[in-house]
Amino acid sequence: MDRVLIEALKVEATIGIFEWEQRIRQQVIFDLELGTDARRAAESDRIEDAVDYKAVSKRVSQLAGEGRWGLVEKLAEATAKCLREEFGIPWVRVTVRKPGAVTGAAAVGISIERGHE
């Protein structure tokens, strides 16, 4: 299986378990791996035969930015479900990082895999 990569997609979102975090916007960073068979796109050289990186990035940004999230785990799960259902992607790896969440750490986060390669 081939993998399309979208790395370090930065989105402003309402995320956090503390009351004050639900009143502000914070940056989350996504790394996405999307399982696909790229042979058809490589042969045709047409976006219609490929995973549309721009459409995926826009949808993930919309999902994260419009929701209210407590945990990065919930945001990662919702993102994986959206990508699989709306874009028909059979396998995804979604990594979500929240910079500055823990003193001394560059970021905290989670990486999940859903579907079958």
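The values are calculated or read from the model by the stated rules, or taken from the named source; none is laboratory data. Only a predicted model underlies this, so the values are computations on that prediction, with no experimental measurement involved. We place every Cβ from the backbone using ideal geometry, glycine too, and count neighbours over all the protein chains shown. Accessible surface is based on the protein model in full, side chains and every heavy atom, while ligands, DNA and RNA are left aside. Shrake-Rupley method; radii C 1.70, N 1.55, O 1.52, S 1.80 Å.
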## Note on the structure
In whole percent, the fraction of accessible protein surface over the stretch 65-105 that belongs to carbon or sulfur atoms, probe radius 1.4 Å, stands at 48
### Proximal lysines to K54, defined as alpha-carbon separation beneath 19 angstrom and excluding residues fewer than eight positions away on the same chain
K10, K81
## Note on the structure
Lys and Arg at +1, Asp and Glu at -1: neighbours of R40 with Cβ under 11 Å from its Cβ sum to -4
### Task
Enter the accessible area per residue of the chain (Å², integer; probe 1.4 Å; all protein chains in place).
61
### Query
Does anyone have the angle between helix 72-87 and the longest principal axis of the chain? Alpha-carbon axes, 0 to 90°, nearest 10?
20
### Solvent-accessible surface (1.4 angstrom probe) belonging to V102, in square angstrom, nearest 10
70
## Note on the structure
Tilt, helix 53-66 to longest principal axis of the chain (alpha-carbon atoms), in degrees rounded to tens, equals 30
